[in-house]
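First the structure, in the form of structure tokens, and then the observations on it.
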Amino acid sequence: MKIILIGFMGAGKTSVAKILEHLLNYKVAEMDELVLQKAQCADMQQLIEEKGEIAIREQEIAIARDLRSVENTIVSTGGGVVMNKIILDYLKEKKSWTIFLHAPFEILQARVAQDPHIRPLFQNMEQARVLYDFRLSLYQHYADLKIETAEKTPAQIANFLSATRKFS
Ligand code: S3P
């Protein structure tokens with residue numbers, strides 16, 4: 001079984017994955033880290049400056065292909081994975097459960113502002129909101145379950161997921 005966490009930047013995918021990993025005794029595949037390793041870049045800012053956003057998408061496709069058959073793994077995706085259908089197709093190829101971590105844009109904006117980790121695609125608020133609006137229906141489309149995260153902590157979400165999972 002693979003648990004796939006999707007949602008916009010600031011949704012809490014990485015934080016939830018880190019807690020759920022211990023609750024379920026699963027591994028975590030953190031796609032952003034894998035992208036940076038493959039691209040040999042220190043952070044997303046450097047990757048985008050040197051190779052362009054397209055390089056993120058290309059690496060995400062290659063990583064999703066590599067993750068097709070993994071078992072007992074939580075895949076913490078980057079917020080842009082829904083931009084290429086092939087990525088979710090690969091990730092969902094074997095038994096999987098896709099969770100959309102949702103929050104209103106203003107909440108995400110506040111979370112990202114407090115996070116030391118710089119997100120190049122969340123610097124210009126007008127552009128970020130356009131991306132958010134565009135992607136919302138894509139996250140909904142791919143999700144098996146949507147969780148409203150605005151008033152929940154990552155630990156509450158992870159506990160809920162661990163308690164309600166329906167798989168062997
Ligand atoms: C991106 C989200 C980031 C990272 C990259 C692009 C996006 O991941 O993959 O900066 O397009 O939404 P997080 O959602 O983990 O911040």
Response to the item:
(1) part of a helix (DSSP H, G or I); (2) under 21 Å from residue 135 (Cα atoms) all hold for residue 21 apart from (2)
Worksheet item: Any idea how many residues of segment 87-128 are of a type outside the set (S, T, N, Q) and surrounded by fewer than 15 Cβ atoms within 10 Å (Cβ to Cβ)?
Response: 14
Worksheet item: Does residue 81 count as aliphatic (A, V, I, L, M) and buried (at least 18 other Cβ atoms within 10 Å of the Cβ)?
Response: yes
Practice prompt. Select from segment 1-16 the residues that are within 10 Å of the ligand (Cβ to nearest atom), surrounded by 23 or more Cβ atoms within 10 Å (Cβ to Cβ) and assigned to a helix (DSSP H, G or I) and list them in ascending order.
Written response: 13
Fill in: Residue among 143, 128 that is within 22 Å of residue 88 (Cβ to Cβ) and in contact with a Lys or Arg (Cβ under 9 Å, 6 or more places away or on another chain)
128
Response to the item:
Selection from segment 152-168 of residues within 19 Å of the chain's Cα centre (by Cα) and either assigned to a helix (DSSP H, G or I) or at pLDDT 95 or above (or both) yields 152, 153, 154, 155, 156, 157, 158, 159, 160, 161, 162
Worksheet item: Among the residues of segment 150-165, is any away from the ligand (no atom under 16 Å from the Cβ), surrounded by 15 or more Cβ atoms within 10 Å (Cβ to Cβ) and free of Cβ contacts under 8 Å to residues at least 12 places away in the same chain?
Response: yes
Worksheet entry | Matching residues, segment 58-73, being of a type outside the set (A, V, I, L, M, F, W, C) and farther than 16 Å from residue 119 by Cβ | 58, 59, 65, 66, 68, 69, 71, 72, 73
Discussion item. If a residue must be within 13 Å of the ligand (Cβ to nearest atom) and surrounded by fewer than 21 Cβ atoms within 10 Å (Cβ to Cβ), how many such residues does segment 17-29 contain?
Written reply: 2
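The values are calculated or read from the model by the stated rules, or taken from the named source; none is laboratory data. For clarity, every value in this text was computed on a predicted model and none was experimentally measured. Because the Cβ atoms are built from the backbone with ideal geometry, glycine has one as well, and the counts that use them run over all protein chains shown.
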